[in-house]
Amino acid sequence: MSKLLHDKLHCGRYLLPMQGEGFRPLVMGGLNVTPDSFSDGGAHATLDLALSRAEQMIADGVDIIDIGGESTRPGSASVSAAQEMDRVMPVLYVLRDCGKPLSVDTRRPDVMREAIAAGADMINDIEGFREPASLAAVSDGECALCIMHMQGEPRTMQADPQYRDVVAEVGDFLAVRAQAAHEAGIAAQRLCIDPGFGFGKTLDHNLALLAQLAALQDRLQLPVLAGLSRKTMIGKLTGKPVEQRMAGSVAAALVAVKNGARIVRVHDVAETVDALKVWAAAA
Ligand code: 9MG
């Protein structure tokens with residue numbers, strides 16, 4: 001397994017082993033608080049549903065809960081910061097003391113600030129903290145940063161993604177953003193990187209990145225977080241619609257871990273946790 005710059009990810013109130021003593025690959029459960037994720041029963045029903053999903057994830061063995069108020073699926077439109085905060089903040093307040101690290105998936109500096117003030121342990125930015133004010137929003141304090149690569153933006157990113165060398169270019173981007181974080185005074189111990197599967201990438205791009213995860217991690221010496229769960233690439237490989245992609249997603253999570261990923265972002269927490277237990281005992 002590739003050697004990292006740091007043994008533990010500093011993640012707000014938590015220190016998460018990334019190699020050596022106490023390390024095992026971690027499972028991040030995505031908790032989307034968006035109208036397309038829940039039946040439209042109003043704000044209260046949405047909050048209740050989000051909380052019961054979070055409780056189920058905890059019972060299933062989740063390690064990190066990633067709360068998001070903006071859909072990042074290909075083709076989705078952006079929402080205002082106010083709308084995003086209305087969705088995310090109540091969930092964050094209620095889950096604050098659930099005993100698991102809480103990540104907030106946002107690309108807006110205003111949401112980052114509010115989330116950190118409310119106790120978020122990690123900020124997961126699909127734009128890799130490119131927005132000029134975003135690094136300033138997260139620089140103070142202890143929260144972890146997930147720096148993700150995306151070509152384009154969710155509404156149009158899958159139209160015609162192009163790379164000369166996808167692994168090199170994604171690595172270059174992540175290296176530049178990690179350096180920007182360093183210059184903003186953010187310790188490397190607070191960083192993890194993510195190639196952004198499906199974010200402006202064809203199936204071939206995704207497969208090349210998956211095969212080269214260890215090389216990416218070796219190059220930056222920062223822990224890799226990989227999110228493959230239920231994505232179009234799983235649909236293309238299996239021929240299955242989104243609601244039947246669980247087995248393919250679990251297989252993809254195992255490949256990512258085998259190739260060095262320290263954290264996998266998933267929908268099917270219980271199944272992924274079981275698969276990783278078997279993998280850890282048998283590998
Ligand atoms: C929010 N979100 C959806 N997919 C994701 C992925 O692959 N990585 C990260 N970091 N976030 C994601």
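A few notes on this one:
- Test: residue in the stretch 155-164 that is in contact with a helix residue (DSSP H, G or I) (Cβ under 7 Å, 6 or more places away or on another chain) and more than 20 Å from ILE65 (Cα to Cα): yes
- Options ARG177, ARG155: the member that is of a type in the set (D, E, K, R) and part of a helix (DSSP H, G or I): ARG177
- Exactly one residue among ALA188, ALA215, ALA211 is touching a Gly at 6+ places or on another chain (Cβ under 9 Å), more than 12 Å from the ligand (Cβ to nearest atom) and not hydroxyl-bearing (Ser, Thr, Tyr), and that residue is ALA215.
- Counting only residues that are buried (at least 17 other Cβ atoms within 10 Å of the Cβ) and of a type in the set (D, E, K, R), the stretch 166-218 holds 4 of them.
- For ARG73, the test of being within 14 Å of the ligand (Cβ to nearest atom), out of contact with any strand residue (DSSP E or B) (no Cβ under 6 Å at 6 or more places or on another chain) and either outside any loop (DSSP other than H, G, I, E, B) or among the charged types (D, E, K, R) (or both) is passed.
- Considering residues of the stretch 85-117 that are closer than 24 Å to ALA59 by Cβ and either part of a loop (DSSP other than H, G, I, E, B) or of a type in the set (S, T, N, Q) (or both) only, the residue nearest to the ligand (Cβ to nearest atom): SER103
- Residue check for ASP110: under 30 Å from PHE23 (Cα atoms) and modelled with pLDDT of 95 or more: no
- Every residue from the stretch 221-259 that is part of a helix (DSSP H, G or I), in contact (Cβ under 8 Å) with a residue 40 or more places away in the chain, surrounded by fewer than 23 Cβ atoms within 10 Å (Cβ to Cβ) and more than 12 Å from the ligand (Cβ to nearest atom): VAL255
- Across the stretch 231-283, the number of residues qualifying as in contact with a Lys or Arg (Cβ under 7 Å, 6 or more places away or on another chain) and over 19 Å from LEU213 (Cα atoms) comes to 5.
- Subset of the stretch 124-146 (residues that are in contact with a helix residue (DSSP H, G or I) (Cβ under 7 Å, 6 or more places away or on another chain), at negative phi and within 10 Å of the ligand (Cβ to nearest atom)): ASP125
The values are calculated or read from the model by the stated rules, or taken from the named source; none is laboratory data. Please read these numbers as outputs of a predicted model, since none were measured by experiment. Quick reminder, even Gly has a Cβ in these numbers, built from the backbone with ideal geometry, and neighbours come from all protein chains shown.
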